[in-house]
Amino acid sequence: MTEVTTLNFLLLTVSGWVNRRQLDVIEYLREENHVLREHLGDKRLRFTDAQRRRLGEKGKALGRKKLRELGTLVTPDTILRWYSKLIANKYDGSAKRGRGRPRKPTEVRDLIVQMAKDNRTWGYTRIVGAMKNLGITVGRTTVADILSQHGLQPAPERSRGTSWKEFLRAHWSGIAATDFFTVEALTLTGLTRYHVLFVIELKTRAVHIAGIVHEPGGRWVMQIGRNLLDAVDGFLLGKTHLILDRDPVFTEQFRRLLRDSGVQPLRLPPKSPNLNAYAERFVGSFRRECLNRLVVLGQGHLRQIVTEYAAHYHLERNHQGLGNELIEESCQPANDNGEIHCRQRLGGVLKYYYREAA
């Protein structure tokens, strides 16, 4: 009995000593918090999310009353609110679900935008019907939102005027374009600049070299115009529109000649080469593939170069805008087992590979 009493006394003594040590530590930490708060003054502490989580977990175990006694850096209510948020985040599934209705697939959105761009008079209801024909169900509000996000106005505003692309598409088979390009030739008197006038048919990409001259003038262009409008074999036969720039050589008299023959001249705005892109593309191809690799020796040599390239362009050159096909297919069927030959023009500058005909 005496041993038990002695053991209890020792336990009580040790417990009292530990409790006093804990109280001393708590008092020290409390005083340290007071000093820190005095240094901070009105400054607000910025805690990281990890720090908030740690304080929230520890503070929940102590409770609001004990937290007030400790004089914490933040209020007990704030610490307990952090703990509540920590629990709520554990069961929050909002990150795994979208906001509102599910977003339409990208291919559906792209199709709606394409329909609106290709058919500027179509309103929301018309687009909804067109999508329904394809087995895709969308609402007018969805169509309106998608078009608004892509900066497309409703049909009344979108349909005003006609874009250049739409005009070309509507008159594709009847449109031709004309333009000049210049070539510096080495002659006995030095470098001489020659002007080459050509006409291109937009639908087929066929090109006609209308003329080559040192200095073009209004009378020369008028004669070229008569040749192009010849009722028998004129290149503009059957054409309804001719795109041309504002070069002074395309005079009012020349434009009147076109109109009197049933061809409407379309004058481009100033400094707008992109509106005559097909003609510009032909000139670029001619220079890269041929002219930049040759030294032109006079007008006669230039005519030979232009003639050879025109033949290569129509018979032997594949065109990306035509599905990588030739403008004029050979009338002789190819022999799959025939021997391969190479046709060369201008000393090998232009080459064409083909099989011997059957």
The listed residue being in contact with a helix residue (DSSP H, G or I) (Cβ under 9 Å, 6 or more places away or on another chain) and either surrounded by fewer than 16 Cβ atoms within 10 Å (Cβ to Cβ) or among the aliphatic types (A, V, I, L, M) (or both), out of Asn227, Asn274: Asn274
Boolean, Ala206 is of a type in the set (Gly, Ala, Ser) and within 39 Å of the chain's Cα centre (by Cα): yes
Residue satisfying all of: in the range 184-202; of a type in the set (D, E, K, R) and surrounded by fewer than 16 Cβ atoms within 10 Å (Cβ to Cβ); farthest from Trp220 (Cα to Cα) among these: Glu184
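How about the range 234-267: which of its residues are among the aromatic types (Phe, Trp, Tyr) and under 38 Å from the mean Cα position of the chain (by Cα)?
Answer for the range 234-267, where residues must be among the aromatic types (Phe, Trp, Tyr) and under 38 Å from the mean Cα position of the chain (by Cα): Phe235, Phe250.
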Matching helices (runs of 4 or more DSSP H) fully within the range 230-333 where at least 1 residues are in contact with a Leu (Cβ under 9 Å, 6 or more places away or on another chain) and within 23 Å of Leu191 (Cα to Cα): 277-289, 298-315
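Just so you know, all these numbers are worked out from the coordinates, no wet-lab data involved. What you are looking at is a predicted structure, and each value in this text was computed from that prediction instead of being measured. Every residue, glycine among them, receives a Cβ derived from its backbone with ideal geometry; neighbour counts consider all protein chains shown.
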